[in-house]
Each structure stands twice: as C-alpha cells, then as structure tokens.
1. Averaged over A:299-310, how many beta carbons belonging to a partner chain fall within 10 Å of each residue's beta carbon?
2. Projected onto the charge dipole of the stretch B:26-94 (+1 at Lys/Arg Cβ, -1 at Asp/Glu Cβ, origin at the Cα centre), which of B:Leu44, B:Asn68, B:Val91 gives the Cα projection farthest towards the positive end?
3. Shielding by partners for A:225-238, please: the mean number of other protein chain Cβ atoms within 10 Å of each residue's Cβ.
4. Distance between Cα centroids, the stretch A:130-148 to the stretch B:160-188: provide it in whole Å.
5. Would you tell me the mean number of C-beta atoms belonging to other protein chains that fall within 10 Å of each C-beta in B:103-111, as a whole number?
6. Using label points projected 7 Å from each Cα along Cα→Cβ, tell me how many nm separate B:Phe61 and A:Leu258, to one decimal.
7. Report the Rg/Rh value for the stretch B:2-221, based on alpha-carbon coordinates and the Kirkwood definition of Rh.
8. Beyond 19 Å, what percent of the Cα pairs of the stretch B:123-223 remain?
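Just so it is clear, none of the values below were taken in a lab; they were calculated from the coordinates. Bear in mind that the values here come from a model prediction, so they are computed numbers and not experimental data. Please note: Cβ atoms are built from the backbone with ideal geometry, for glycine as well, and neighbour counts cover all protein chains shown.
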Amino acid sequence: MMDILFTRLLLWRKKAISMLFWLLLPAIGTSLFITTVTTIKEDSRVPIGIVIGDESELATQLIDSIEASKLVRVSKYSEEEGLYNLEKHEIDSIFVIHDGFEQAILSGKRNNLISSYRTELSFAYSPVKELIVSLVQEESGRAKATQFILNMKEEYNGKESWTWDEITDKSKEIQIDENLLNTSFSYSNTNEPVESPSLLSWDTWGVWAIFSLLSALFLMDWAIREKSLAVTTRFSFIKTTQFSYYLNNILCYLLLFLLFDLINVVVFTIFLNEPLSIHFIFVLLTFRIMLCSLTYCLAQCFSKTGVFYGFSIIITLILVVISGTFIPILPHNDLIDFLNPLQAFINGNITILWNIIGISILAMVLFRKETTNA
Amino acid sequence: MLDVQSLVKSYDKNTIFHHLSFKVWPGEIIGLVGENGAGKSTLLRILATIDKPDSGNIKLFDFPYETNRKEVRKSIGYVPQDIAIWEELSVRENMIFFEKLSHKSKSETQLRELCLEMNLDKWQEQAKTLSGGMKRKLNLAITLIHDPDILLLDEPTVGIDLKSKIEIGSYLLKQAKEHNKMIIYTSHDMDEINELCDRVMCIGKDLFYENILVKSGKEIISI
Ligand SMILES: Nc1ncnc2c1ncn2[C@@H]1O[C@H](COP(=O)(O)OP(=O)(O)O)[C@@H](O)[C@H]1O
Ligand SMILES: [Mg+2]
C-alpha cells in the first residue's frame, strides 16, 4: 500500500493544481451556494413595521415569533415613524400591538388586539396579515389552555405543580412535534408557495453531495486515461497482482477524498454551524466509499475522457433534479429516492444499498481486469 | 534456458505459427525478423506471458509457463513496441515509480547507474521532452530494474538516431555476454541484426529476409 501510495503521489504532483481545484470544489461550491441563497432569501422577505404598544410577555413573544418567520423582515417603529415609512413605501404594512394586549388575550377577547395600516401598494398585506393572525391565535390558544389547566389544578388541588412556563413550553414542544401550524402562504400575485421551513442542516450537505459527485467523477478520469497507456503492459510484471494494484490506487483516492472531507466537516461545523456527530461521520464515510467505487466503475465504461466529462455533467444534473437539493422540482417519489445513490446521504442515513452495489461491481471490474490482462 | 515446443497461434483463420519450436541458451542474442504483420510482436507477447498460444509448451529454466506464470514473470523483462513510460514524469521519477512496484528493490544510485550505463544522462528531465533515442533507452532501463534473466525487446531501436542505436546495441551485447542474459529482439535493421545476433529467426512466408541472411552467413533458426 505504501509503495503504491508513493507511486500515486508522483503522478498527483504533476497535476496538483487541477486536482486541488476539484478537491476544494465541494467545500467552496457549497459555501458559495449557501451564502448566496441565504442572501437572496433575506432580500425576498417582506419588510413590515411593528408598533409596540404593549410591553407584556405575550406581546414580546408574539413579536419574536413574527421575527422568526421567514416571510417578513421586521422593523420596530413608533406609530408616526411607521406611517411615514409606509407612505414612502419603505415598508409593506404596519401592525400596531395595542396596550392591554396580554390582558385582552388572557380574558379571551379577540377584537381590536392589533390594528394594521396599508397602502394600495401593499402587495404582501394579506399573507402577512394571515401570518400574524395565525400567530396571535396560536398564542391566545396556548395562553387559554395554560390558564385552563392552572385553574383546573387549583380546583382539584393536584399534587404535581406546574408553573405557567412549564405548561407553555410543553405545549410549544407538542406543537413543534405535531407541526400543527406549519402553514405555507402565497403571495397574492404569484402561485409560488413561500417556503416556511428554512435551510435545514441537511441542505448544506445535500448541496455538498452534488458538488462531491461532480468532483469525484472528474477526479476519476485517471481510470480512463491510464487504461489506454502503454505503461499498463508493465503492470503484468510488478510485484502485486493487478487486482491489488488498482484496488490500492482506488484506496489512495479514497484516502485523499476523506482528507478533504475532513476539512469540509471542519469548515461546515465552524462557519455554517452544522451539527456534528459520530453517526454523521459514518454517514459521510459510507457515502464517500460509495462515490469512489461507483465513479471508478463508471469511468471504466468509457474510453474517451471528453465523453466521460460530458456524461458526468449530465449525471450530476439528473441527480440535482431527482434529489431536489438545490430546487425541489419533482414531487417526492419513493422509487426515485430508492434509485438515487445520493438519497441515503441526503436523508442523513448510512449508505448501504448503493455500497453493496458499488463494491460488488468494483470487485467484478477489478477481477475482470486481472484475468484479461493476465 | 528457454524451450519453446510446437507453438501454434492463429487469429481467426490467419495462422501465424504452425508448430514452432526452438531453444535459447543464456548469453545468446536471437534476432527476430520478418515483414510487418508476420507475427514478431505476437511471438514476443506469448514469450512474455501476456498472450496465450493456442497450443504448445514453453518452459523457462524448466518452469512451464502454464503452471508457473507468476514465477516465470519475475525473470522476464519485456519491452513493448510502444514506449511504455510516464510521459509527465521525469526520468528519475519513472525509474523510482517502477522500482517501487518491482520485485527487486534498488537504491536511487543504482537506478541512476543503470541509466548511465546506456548513456541516459538526463536524470531530471521530463520524459515527454526527451529525444526518441533517450525515450527508447528509458523504456529499456525500466525493464531492467528487476534484473530479468531473459529480455524480450520489441523493436527497441526503431526510429532513433545512429548513436543511440549503437549505444543500445552495445549495451545489449554486454548484458548477454557479461551477465549471461538471454535476449530476443526484433528489428528491421539488418546491419544491426548481423552485428549483434548469434542466431536469427525469420518469421513469415516471405523469403526476403532469409535470403539476405544466407548471404551474410548468419546462422538461421529453421522453423
Ligand atoms: N489481437 C489481435 N486480434 C486479431 N489479429 C491480430 C491481433 N494481434 C495481431 N493480430 C494479427 O496478427 C498478425 C501479426 O501481428 P504482429 O505480431 O503485430 O506482427 P509484427 O509485429 O510482425 O508486425 C497481423 O496480421 C495482425 O493483424
Ligand atoms: Mg510488431
């Protein structure tokens, strides 16, 4: 292995620059993509103004949840300031939380909690209003439920004692689990649903998976170039079998890839705040082994690198479409997911099926090389 | 000793060897001549174990090819007709590359000496910028890294300048006479064949080469 690694290093050194480009592509490509998309998403939020007339806990919570929504970008104003900005169309609409908001909610009142201002150019008014109404309903519902439980407890003099906060937290937890209020809104002038889930952590690695596929394919071109060289006749006279020669070379590539994957993990963990776990290391490892074996086998089917490069780009584009990591174009389909070698990784699972397929084909390819060149 | 018996090889209906038998002893240089397509490369590939005859037996030092391929290969130095070197690596890197994969390990100094023996002095130069003669020398030097007992050279001197040709020739002569190696090589240069070879084998039905060789009084292996 060390000897073969040494010989491989000699060859790598000659094309270090292009190799470095392809090895760094997944990290750089993903980072650029994620930052660009995040900026665009930020820009496409609807700017609204909020006037805070109530300093209560519930009002603060409401504002927090409005701010947390991906639909709007919130600025806080006094009423005059807000109206001034609305007139200049700096903001789409204004929502005023009146004094006594908490009080009103707790006593079950629903009218005149919030009032709003808009102009004829407030295109996003209805979805924003819908969002805020649903948030208020959510909050008042929770407040009432909490109140109800507390009252009940007092009545029956239960042994366990819950505080207001505990009950509220619990109910929020249930809400998140059940995903009850995860509605999506539409702008009145477009049919495109505005996504409410954010860039989840798997999106980063999903995008990375696509870039990795492309880079692995382009880096495996040696398998084609070297197959047609006269030097291969010499491999019949070396100390190892051809099976082991080629297998070790693929392992050299695997090691190199894993080294750069490690760099990726560090970069993503630190700069993109991706969570890291032992399980994920296995997910990554199995994904990489699968990429290595499959790309090598694929390269073996070609005799011209140009054709292979073209094919690589097409394969990558197809997987972009069916994986839906960049853009969810296709509806979710179990068969496609099953056939997509990237799917296990994108879902955060250990790649098993495609590793069995990849490694079996690889063994066959190498065994055939051994016997035909023997 | 290399012992070839009753070798038969044909591609489809095109019979190339029909019960070919001959022997080669250590220290001998055998020339292989014949027009293009006669089957010289085919014979060398069979002797180098990378092609299989339809029938017949070959033994190297009493090891049959059939059953001892792995052992036999350690003693074979095969120089293919196409130059088999890494174009993007330097002479030095090419030598080190194949030394790492070779049955015998050699120091860098030894590798360098091997090159210098046939006047290949461009140690650091990239293979692709070498002259044709230098490339052929490197092609030969790589084959010699594992000290093979038998050298099978497919047109080792084709298309190169006279000086390199003579340097390679005298190197081969030294290998045979001083190191007792068996050498079988092909060439179209009849002067070179006459100069170096102990015996010559003419392959193919054309008697053109045979007639030249008869005139020069070379010993011909009848097939
Ligand atoms: N792999 C092959 N398949 C079919 N025919 C072949 C193959 N290799 C060589 N031949 C044929 O065998 C004959 C001998 O070829 P070769 O040994 O290369 O000749 P030489 O080296 O003497 O020029 C030629 O007619 C060639 O076309
Ligand atoms: Mg030939």
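1. Numbers: counts 0, 0, 0, 0, 0, 0, 0, 0, 0, 0, 0, 0.
So the per-residue partner count for this stretch is 0.
2. B:Asn68
3. Values: counts 0, 1, 0, 0, 5, 7, 11, 2, 9, 12, 3, 7, 17, 7.
Mean inter-chain Cβ contacts per residue within 10 Å come to 6.
4. The two parts, judged by their Cα centres, are 96 Å apart.
5. Numbers: counts 3, 1, 2, 0, 0, 0, 0, 0, 0.
Shielding by partners across B:103-111 averages 1.
6. Taking the simple label geometry, B:Phe61 and A:Leu258 are separated by 4.0 nm.
7. Working: Rg = 17.2 Å, Rh = 17.9 Å.
Ratio value, two decimals: 0.96.
8. Working: 2387 of 5050 pairs.
Counting pairs separated by more than 19 Å, the tail of P(r) holds 47 percent.
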